[in-house]
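Enquirer: Questions regarding the structure given below will be posed in turn.
A short reminder: the numbers here are calculations on the coordinates, not readings from a lab. Note that the coordinates shown come from a computational prediction; the quantities given were computed from them, not determined experimentally. Cβ atoms come from the backbone with ideal geometry, glycine included; neighbour counts cover every protein chain shown.
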Amino acid sequence: MDLKRLDEILDARGEPRFRAGQVWEWLAGGARTYAEMTNLPQTLREELDADLPISTLDPVREVKSVDGTRKALFETVDGRPIEAVLMSYRDGRRSLCLSSQSGCPLTCNFCATGRMAFGRNLTESEILDQALHFRRQGSVNHVVFMGMGEPLMNLDAVLAACERLPAVGVSTAHTTISTVGWVPGIERLATEGPRVRLALSLHAAEGDVRSGLMPVNDRYPIPEVIEACLRWREARNRRVYIEYLMLAGVNDAPDQAVVLSEVLKPHDAFKVNLIPFNPTPGEFTGSSPEAIAGFRDTLIAHGVPATVRLTRGRDIEAACGQLAAGRAA
Ligand code: SF4
């Protein structure tokens, strides 16, 4: 829901301040219609119903993976495509992957989103409406900002959305913002907003390899990014999660694991998630399971905690790096 427009309508009617909170509580609890909001005056419900759509996003289609992962494609009122994903796990986690931008200006060359035209930053309401769409289908309890876009380039809206997520069921401790290393944003995150978790998409520990994958590395090189992460860690007293996509012949050699272990110091500040590469059209192929296991073992042998991430939603192109609404299933 356009929360700014809601405030304007309530102000114009001279409604008391708590009305906005009442509407938000209903939305955060999964309400689909104004008719359900029984503690609002009837005339207000009717006016809202006529003037303010319940969501800023138009759901265009939703697909479900064999593993239960759901991917929704939406359109904003100005026709921008965005996608969000819900992953359900046996242990009860229901984790949302949210988008912060339509498309992405950073053009990482392994990423389907990076090959889309960049649209614009999403508003706080558009970010929340992705979560509310899935909340209407059941409870949700984790959020990762790993969908379309670089969240730290749209940090005001992302943090405003994070402030509201606990009402939807997602605590701050279960909210993760993932960045490619946008240093000014990491610095702001150290002091501003709720104490969310931080993940860094590193994908290579050598500058030339990383610049080949992610042009942002020329602007914010690895040492600068790692220093910013360490300052964040000092301020927030939390570990930084390192995301590392495993690309055959590019970044998966054992000696590259050793270089990574050198970059990530002190070791207790970081934990590495190795991500099997999800096929997208382009030049890369994923590392073999043996190469991934060997890379993980080398990291652990050098003192860096490391795990291999379970891949979800591959068959519906909902996995990491696969979101690209223009060619969605
Ligand atoms: S990996 Fe993230 S930052 Fe890079 S192009 Fe894709 S969405 Fe943008």
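Enquirer: Just order 36-47, 73-84 by mean Cβ neighbour count inside 10 Å, highest at the front, would you?
Expert: 73-84, 36-47
Enquirer: Let me ask something else. Sorted from largest to smallest, which semi-axis lengths in Å does the alpha carbon gyration tensor of the chain give for its equivalent ellipsoid, taking the root of 5 times each eigenvalue?
Expert: Values: eigenvalues 277, 84, 60 Å².
Over the Cα atoms of the chain, the ellipsoid semi-axes are 37, 21, 17 Å.
Enquirer: Taking only the alpha carbons of segment 1-54, what extent do you get along each of the three principal axes, in Å, biggest first?
Expert: Taking the Cα atoms of segment 1-54, the three principal extents are 26, 19, 18 Å.
Enquirer: Separate question: What is the Cα centroid distance between segment 207-261 and segment 108-129, reported in whole angstrom?
Expert: Segment 207-261 and segment 108-129 have Cα centres separated by 22 Å.
Enquirer: Express in whole angstrom the spacing between the alpha-carbon centres of segment 276-307 and segment 146-175.
Expert: That distance is 28 Å.
Enquirer: Give me the tail of P(r) for segment 36-154 as a percent: Cα-Cα pairs with distance above 25 Å. List each step's numbers first, then the result.
Expert: Numbers: 2147 of 7021 pairs.
Cα-Cα pairs of segment 36-154 separated by over 25 Å account for 31 percent.
Enquirer: Simple spin-label model, 7 Å along Cα-to-Cβ: Glu234 to Glu192 in nm?
Expert: 2.0 nm
Enquirer: Nearest 5 percent is fine: what portion of the DSSP beta bridges confined to the chain is antiparallel? List each step's numbers first, then the result.
Expert: On the way: 19 of 43 bridges.
Of all bridge pairs located within the chain, approximately 45 percent are antiparallel.
Enquirer: Under the definition of Cα pairs under 8 Å and six or more residues apart, what whole-number percent is the relative contact order of segment 1-54?
Expert: Working: 29 pairs, mean separation 22.3, N = 54.
41 percent.
Enquirer: Within segment 64-104, which trypsin sites (Lys or Arg not before Pro) sit in a loop by DSSP and count at most 15 neighbouring Cβ atoms inside 10 Å?
Expert: Working: sites: Lys64, Arg70, Lys71, Arg90, Arg93, Arg94; in loops: Arg90, Arg93.
Listed in order of number, the matching sites are Arg90, Arg93.
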